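Can you keep this structure in mind? I'll have questions shortly.
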Amino acid sequence: MSRPSKNIPQRRYRARPPLTVMQQPLTRAEVQRLQSHMRRHGPLSLTPSQHDAIWDFLFDLPESHAWLSQMTAQIQAGQSATRPST
């Protein structure tokens, strides 16, 4: 008598092929499409070039530069607070 096959999802997992070709240059709608696909299917569902394109798009946004400058100011303030005064 053979054993019944167990319903184990990990055994049926197959890597998903990469998403369709992205439209260049990236628009906000295209970035949101890629991000929603990645949230639904995992980070391996996008190619490295798609990941890079998303980061490049986000880095070029003015609000990203404002956020980065605020983070830099906070880090520098924290570092200067820990230095001994001379």
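The values are calculated or read from the model by the stated rules, or taken from the named source; none is laboratory data. Being a predicted model, the structure only gives us computed values, none of them experimental. Reconstructed Cβ throughout: ideal geometry from the backbone, glycine too, with neighbour counts over all protein chains shown.
Give all pairs with beta carbons closer than 7 Å in which a residue from the range 51-79 that is of a type in the set (S, T, N, Q) meets a residue that is assigned to a helix (DSSP H, G or I); count only pairs at least 6 apart in sequence or on separate chains.
S64/L58
I've got another one for you. Filter the range 40-73 for residues that are at pLDDT below 90 and among the charged types (D, E, K, R) and give the result.
Correct list: R40 only.
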